[in-house]
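Just below is one structure, and these are the notes that go with it.
The values are calculated or read from the model by the stated rules, or taken from the named source; none is laboratory data. Please read all numbers here as calculations on a predicted model, not as lab measurements. Cβ placement follows ideal geometry from the backbone for every residue including glycine, while neighbour counts extend to all protein chains displayed. Areas reflect the complete protein model, heavy atoms only, side chains present, ligands, DNA and RNA absent. Shrake-Rupley method; radii C 1.70, N 1.55, O 1.52, S 1.80 Å.
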Amino acid sequence: MREQRWVAHVGEDNASWLSTESRTARLASEYRPRDVGAGRIELSSLALGASRELGEEEDGYITDDGDGIRVWIADDAFELLLVED
């Protein structure tokens, strides 16, 4: 079975914050964004679902529309790209 995951280049400070300080960073490991280095985060299917539960006033919330799947930090949106193993 293939595992889907999404990766976004958000910058090193944002990647660190999302993986350690965001509301989803406090969840069980399978629901957390992971800092994978070089300013990138990775979200599993479960982590993506957890991030979708955030409100738009919270950093790390997800939108999925005609522009693609994006993670938001303040007023900046970062595209999440699907990667399959």
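Remark: the chain carries 61 Å² of accessible area per residue (probe radius 1.4 Å; ligands, DNA and RNA excluded). Per residue of the chain, the DSSP helices (runs of n ≥ 4 H) give a summed -39500 (n - 2.57) that works out to -5500 deg cm²/dmol at 222 nm. Accessible area of residue 82 (1.4 Å probe, protein heavy atoms only, ligands and nucleic acids ignored): about 90 Å². Take the solvent-accessible surface of the protein heavy atoms, probe 1.4 Å, and return the percent of it on the chain that carbon and sulfur atoms account for. Using a 1.4 Å probe with all protein chains present, the chain comes out at 44 percent carbon and sulfur. Its alpha carbons give the range 1-47 an Rg and a Dmax of 10.2, 33 Å.
Comparing mean-square fluctuations of 25, 74, 47 from a GNM of the chain with C-alpha springs under 10 Å, the top value falls on 74. Peptides 11-20, 58-67, 28-37 ranked from most to least packed by the mean count of surrounding Cβ atoms within 10 Å: 11-20, 28-37, 58-67. Shape analysis of the chain based on the Cα gyration tensor places the equivalent ellipsoid semi-axes at 16, 15, 13 Å, largest first. Counting Lys and Arg as +1 and Asp and Glu as -1 over every other residue whose Cβ lies under 14 Å from the Cβ of residue 15, the net charge comes to -4.
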